1. For the range 39-53, what are the residues that are at negative phi and free of Cβ contacts under 8 Å to residues at least 12 places away in the same chain?
2. Which residues, taken from the range 63-74, are surrounded by fewer than 23 Cβ atoms within 10 Å (Cβ to Cβ) and either closer than 18 Å to residue 285 by Cα or under 23 Å from the mean Cα position of the chain (by Cα) (or both)?
3. Among the residues of the range 324-333, is there at least one that is within 16 Å of ligand 2 (Cβ to nearest atom), outside any strand (DSSP E or B) and more than 21 Å from the chain's Cα centre (by Cα)?
4. Can you report the number of residues in the range 181-218 which are under 20 Å from residue 247 (Cα atoms) and either more than 16 Å from ligand 1 (Cβ to nearest atom) or in contact with a helix residue (DSSP H, G or I) (Cβ under 7 Å, 6 or more places away or on another chain) (or both)?
5. Testing residue 102 on (1) out of contact with any strand residue (DSSP E or B) (no Cβ under 7 Å at 6 or more places or on another chain); (2) part of a loop (DSSP other than H, G, I, E, B); (3) at negative phi, one condition comes back false. Which one is that?
6. Out of the residues in the range 174-190 that are over 12 Å from residue 159 (Cβ atoms) and part of a loop (DSSP other than H, G, I, E, B), which is nearest to ligand 3 (Cβ to nearest atom)?
7. I need the full set of residues from the range 221-239 which are surrounded by 21 or more Cβ atoms within 10 Å (Cβ to Cβ) and more than 16 Å from ligand 2 (Cβ to nearest atom), in order please.
Ligand SMILES: [Ca+2]
Ligand SMILES: [Ca+2]
Ligand SMILES: [Ca+2]
């Protein structure tokens, strides 16, 4: 868990041994005005509250090309269809409906229905993936048998990967049966339960990557990765996993392990075949660059550095030896000695300090899209990401990737009838119009449409906004 930033200052003052170690390794703040790109937006769709209570808590919005519609979720259980014109939002499936016995645990800010992904052959009759989609959720069901244990912690809940099979994939609502469980984690702490599920949308049928499910797996939680799971290649925590959900050669026989994963043929029985990359902390969101296949992850930092990194096969992204480009010491400190000093690690392409004046006492980086379209010319060829709580939207060049630090990071702001605003300002104005107390945080998430449309989601006003030129 993150502490308020004042705590870091207090601890440093009280610990002379750490006096040389700043809480912010980036002396120059992110440029507040230089290089700002302004975009217009439209209110594309509105997600329903659940029972008139809290606003919707979406994690992602994706297009399903086989049935020509989009889907989004709410962390409490619902999956909604969203028509491509934004005019129709309808409940497709509530994975928390009692009849499924999934028992979604959505307590607090970080637990709940984390992610979902449709098999690329979802609407291809006769294909093994026909009708299939996958959900990853925290659950209050805690049976004795789990696939992945953390060897410590307090077993706060489980997280499960489930497969659902629709009979008619084009149906307005889910018409299949109860889900099949593929994988279960014993979660040692309440936080860090992400993250995203996704098939590589660029993988063509017949290619090695086609039909393989990428799965961000957080380090289990607490702070500092106290069980040292992210660097442990025998553990599925703190990793990017890649599996074949249709296959059967896993230890539990419920999914497949791709033969070209990096630790399958290393002659080491203690390294997990499911692992694609290691050294991750809380990889809640990732995205591919459609021009070159680059895969980028947003890895949420401890108390000092947030990072965007490229993920390659077998990469070690550093956590918990490194927080961004800097040696990880504790929740309160990183080392400034020998940044990016271990050649075996993959370091961020962009990173920013949590005490940056643009941010809030809490921060958490999120992907993001790589924009390779022409419809919004000012965003062409940019890697766009953001910060969840503050709702700040940032960019760097996707063609000339930076090599760490925050110097290359610039802001994207919203043109609201001639006034330049942040997302949080838009949300606050909407809250007032809704008769609600203006939110103090945005909880930003990104979505992407069939033709590269960029959608901005949040957990505070229920509005999905589309960026336009
Ligand atoms: Ca956890
Ligand atoms: Ca192995
Ligand atoms: Ca890292």
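1. Residue satisfying the conditions is 53 alone.
2. 63, 64, 65, 69, 71
3. The first filter runs over the range 324-333 and keeps only residues within 16 Å of ligand 2 (Cβ to nearest atom), leaving none.
No, there is no match, as no residue in the range 324-333 is within 16 Å of ligand 2 (Cβ to nearest atom), outside any strand (DSSP E or B) and more than 21 Å from the chain's Cα centre (by Cα).
4. 19
5. Evaluating residue 102 over (1) out of contact with any strand residue (DSSP E or B) (no Cβ under 7 Å at 6 or more places or on another chain); (2) part of a loop (DSSP other than H, G, I, E, B); (3) at negative phi leaves (1) as the failure.
6. By that ranking, first place goes to 179.
7. 221, 225, 227, 229, 230, 237, 238
Listed here are the residues, each with its yes/no results for (1) free of Cβ contacts under 8 Å to residues at least 12 places away in the same chain; (2) buried (at least 21 other Cβ atoms within 10 Å of the Cβ); (3) under 30 Å from residue 24 (Cβ atoms); (4) away from ligand 3 (no atom under 16 Å from the Cβ).
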| position | (1), (2), (3), (4) |
| --- | --- |
| 205 | no, no, no, yes |
| 209 | yes, no, no, yes |
| 213 | no, yes, no, yes |
| 219 | no, yes, yes, no |
| 266 | yes, no, no, yes |
| 272 | no, yes, no, yes |
| 276 | no, yes, no, no |
| 294 | no, no, yes, yes |
| 301 | no, yes, yes, no |
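Read the figures in this text as sums done on the coordinates, not as results from a lab. Fair warning: this is a prediction, and the values are worked out from it, not measured in the lab. Here the Cβ is made from the backbone with ideal geometry for all residues, glycine too, and neighbour counts use every protein chain on show.
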